[in-house]
1. If amide hydrogens are placed 1.01 Å from N in the peptide plane, which non-local residues have theirs closer than 5 Å to the one on residue 79?
2. Quick one, can you get me the convex hull of the C-alpha atoms of the range 3-129 expressed as volume per residue in Å³?
3. By the scheme Lys and Arg +1, Asp and Glu -1, what is the net charge of all other residues having a beta-carbon under 12 Å from that of residue 22?
4. Given a Förster radius of 41 Å and the C-beta distance between residue 95 and residue 119 as r, what FRET efficiency does 1/(1 + (r/R0)^6) yield to the nearest 0.05?
5. Return the distance in nm (one decimal) between the two label points of a simple spin-label model at residue 108 and residue 47, each offset 7 Å from Cα along Cα→Cβ.
6. Spin-label point model (7 Å from Cα, Cβ direction): what's the residue 11 to residue 88 distance in nm?
7. Express in nm, to one decimal, how much length is gained between residue 70 and residue 32 on full extension, taking 0.36 nm for each residue of separation and deducting their alpha carbon distance.
8. Compute the long axis of helix 3-29 from its Cα atoms, compare it with the longest principal axis of the Cα atoms of the chain, and write down the angle in degrees, 0 to 90, nearest 10.
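What follows draws every value from the coordinates through simple rules; no lab data is involved. Predicted model only: the values in this text are computed from it and were never measured. So basically every Cβ, Gly included, is an ideal-geometry build from the backbone, and we count neighbours across all protein chains shown.
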Amino acid sequence: MDVANNKLDEEVCRDARAFVDIFYDTMDRKRDKIGFLYSEQPNLVWNGNPFQGHDSIRSYLQSLPETQHNLTSVDAQKLPGGAGLSESAILVTVAGETILGADQHAFSQTFVLICQDAKYKINSDRFRYLD
């Protein structure tokens, strides 16, 4: 692997980690702002329940009880362009534990991030409890 590819991988991982930190801080402490992190036409599948569109996703996430997320891993890779994705799309996988109201669960979450208005936004979001 050459130096340019290594640098690109490092940038992708750094950008993904910065986005993930913002996402979970927003989810846990400023949920009324969560809609700003989603693209214009996003989709979400939350434990098998599908949501389509910005307003539907925002409303659902705001209806959830208070959360606290503790991450154990974050991984990212640049996606190839095509299939309607921009050249800067990133696949991000996250694992950890969350406290949702009074319940604690291990979870996995996968995002496809796209660049919109010079910022990364969630185009696709999959969340699943692991226990």
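1. 89, 90, 91
2. Details: hull volume 12.8 nm³, N = 127.
Each residue corresponds to 101 Å³ of Cα convex hull volume.
3. Values: positive: 17, 29, 30, 33, 119, 121; negative: 15, 21, 25, 28.
Residues close to residue 22 contribute a combined charge of +2.
4. 0.95
5. 1.7 nm
6. Using points 7 Å along Cα→Cβ, the separation is 1.0 nm.
7. 11.7 nm
8. Its long axis makes an angle of about 20 degrees.
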